[in-house]
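Presented below is the structure to which this report refers.
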Amino acid sequence: MPRSVSRSGCSMNLTGNVIRGNYYPVKELPKNFGPTKGLMMESVSLTSLAAEQLKAARQAHSGRASHTLHGGHTHELRQTVVALLAGHELSEHDSPGQASLQVLQGHVHLTAGDDSWDGKTGDYVVIPPQRHSLQAVDDSVVMLTVFKSLPSV
């Protein structure tokens, strides 16, 4: 089977045929494939991951679940999908660095100081660099993207 590259919930193999399904990790690409020049590309269906995280949140006492898609505490860039059930929240906390929030599903309310924002499916906001909290108005899934400078070694 030809190698595939995922785009927008579908996967397109290198011959241009569309393959439908959930996750499409690409383990290996030809060394001369496009601008990646041999770099590995991994992709996931955000729709499927959102459904999985909502299912996990419904089973969790906290009413929330999360999965880090990219990065972690040792990386400057971190992207995490967070599911929150209606009425649950991420209580007020400090901003770890530059951050943005994209609502993948549902309706959330972000509060930062005297400012607030209501976001629904497809909405995006840059999170102010101050203490903030996030409440789920409906069962919701968001993608949190954080960029923080790592200390010099």
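Below, the figures for the structure above:
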read-out: Charge dipole magnitude, Cβ of K and R +1, D and E -1 - the stretch 97-153, Cα centre, debye nearest 20; value: 280
read-out: Gyration tensor verdict on the stretch 50-145 (Cα atoms; rounded if a/c is under 1.5, prolate if a/b is larger than b/c, oblate otherwise); value: oblate
read-out: Amide proton proximity set for ILE127, modelled H, under 5 Å, gap of 5+; value: ALA99, SER100, LEU101
read-out: Dipole magnitude (debye, nearest 20) for the stretch 46-147, charges at Cβ of Lys, Arg, Asp, Glu; value: 340
read-out: Which of GLY122, SER45, GLY63, positive extreme of dipole for the stretch 29-149 (C-beta unit charges); value: SER45
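Rule-based calculations on the coordinates, nothing more; no lab input. Computed from a prediction, not measured in an experiment: that's the story for all the values here. All Cβ positions, even for glycine, are placed from backbone atoms using ideal geometry, and neighbour counts span all protein chains on display.
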